[in-house]
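Reviewing the structure listed below.
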Amino acid sequence: MSNPPRELTIPAELAGLRLDQALARLLPEHSRSRIRTWIDAGRVTVAGEAVAAKQKLFGGERVAIVPLPDPRSSAIAAQPLPLSIVHEDSALIVVDKPAGLVVHPGSGHWDGTLANALLHHCPQLASVARAGIVHRLDKDTSGLLVVAKTPTAQTDLVRQLQARTVRREYLALAQGVVARGGSIDAPIARHPLKRTSMAVVASGKRAVTHFEVRERFAACTLLACRLETGRTHQIRVHLASLRHPLVGDPAYGRRSSIAFHRQALHAWRLGLTHPATQQHVHWESPLPADFASLLEALRRAR
């Protein structure tokens, strides 16, 4: 499946705009970066001629668009894998991802991912970039993740993420006793030496995490964390920068008396504006059994 060819006429009120600017207004269901990719690939013609994205328009031009299929989606095979679906409608799917499941194919994980499962469950996702996935969870992080079923819904959700209006809340078990809640505003980028890890780096992208204390134990603290931004490994890196890494974190943790087989992090609440109804919606996910059992053991040990 792919986006069908389109033909349109540039209205007079858009005269003076660049081609990419005008198309972004006329095709709000597509992101500007997607439109720019089509233009750069020669898939957009004005009066039968391929032109640059910066081409100024006068109004009245006939524009033909032959969208490129998204190779990242078409390369993914549908696989009949189990899915825990919290909500589904014509615009989106909310999945409760178990720990251990990779979200999207990549190095070392070319199949058996959430994307493979989604394409089997909903074949129409083959026409949506990245199989509709607009944000990720790490392999060993459990919890809620939203998937767009149409390009229009995907563009809407991406814009909400960029505007920081999607509310993503996590439960995190941090090593050590955290005295009080607060906010961490520290830029994150690729670690300068460990290229598979991230780190707080002055030249990195801005990253903001808010956290509050939920429960304290002898050697760790249960935190509720809210992401303002969505950088790779953000909560894991930020808490490690405070010397309170997640219990069980293999990349950013330290030796601990608390044994856990993965990072103790669960995306338990997700809130956003529904792309179709424009109503605020939210979902919650209970702690998975392994995380809940760990907390119960810590409570008994008090």
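The values are calculated or read from the model by the stated rules, or taken from the named source; none is laboratory data. Since the model is a prediction, treat every value here as computed from it, not as a measurement. Ideal geometry is used to build each Cβ from the backbone, glycine not excepted, and the neighbour counts take in all protein chains shown.
Check off (1) farther than 28 Å from Leu119 by Cα; (2) modelled with pLDDT of 95 or more for Pro80 and give me the number that stays unchecked.
Going through the list (1) farther than 28 Å from Leu119 by Cα; (2) modelled with pLDDT of 95 or more, Pro80 breaks only (1).
Which one is surrounded by the most Cβ atoms within 10 Å (Cβ to Cβ) among residues in the stretch 151-173 that are hydroxyl-bearing (Ser, Thr, Tyr) and at pLDDT 95 or above?
Residues of the stretch 151-173 hydroxyl-bearing (Ser, Thr, Tyr): 152, 155, 165, 170.
The next check asks that each one be at pLDDT 95 or above; those that pass are 165, 170.
Values: Thr165: 12, Tyr170: 23.
Filtering first and then ranking leaves Tyr170.
Given the residues Leu125, Leu114, which is the only one that is touching a Lys or Arg at 6+ places or on another chain (Cβ under 7 Å), of a type outside the set (Asp, Glu) and closer than 24 Å to Asp290 by Cβ? Spell out the reasoning first.
Numbers: Leu125 fails: closer than 24 Å to Asp290 by Cβ.
None of the others qualify; the one that does is Leu114.
Between a first residue in the stretch 258-281 that is in the same structural domain as Val86 (by TED's automatic domain parsing) and a second residue that is part of a strand (DSSP E or B) and of a type in the set (A, V, I, L, M), which pairs have beta carbons less than 9 Å apart while being 6 or more apart in sequence or on different chains?
none
Quick one: Ile93 ticks every box in (1) over 29 Å from His135 (Cβ atoms); (2) surrounded by 20 or more Cβ atoms within 10 Å (Cβ to Cβ) except a single one, so which number is it?
So the condition that Ile93 fails would be (1).
So which residues in the stretch 160-188 are part of a strand (DSSP E or B), of a type outside the set (Asp, Glu) and within 20 Å of Gln263 (Cα to Cα), if there are any at all? Let's see the steps before the verdict.
First pass over the stretch 160-188, keeping only residues part of a strand (DSSP E or B): 167-175, 182-185, 188.
Narrowing further to those that are of a type outside the set (Asp, Glu): 167-168, 170-175, 182-184, 188.
Result: Arg168, Tyr170, Leu171, Ala172, Leu173, Ala174, Gln175, Ile184, Ile188.
What is the number of the single condition among (1) under 13 Å from the mean Cα position of the chain (by Cα); (2) in a loop (DSSP other than H, G, I, E, B) that Leu101 does not meet?
Among (1) under 13 Å from the mean Cα position of the chain (by Cα); (2) in a loop (DSSP other than H, G, I, E, B), Leu101 violates only (1).
If we keep just the residues of the stretch 285-302 that are free of Cβ contacts under 8 Å to residues at least 40 places away in the same chain and under 21 Å from Ala99 (Cα atoms), which is surrounded by the fewest Cβ atoms within 10 Å (Cβ to Cβ)?
In this case the residue turns out to be Ala289.
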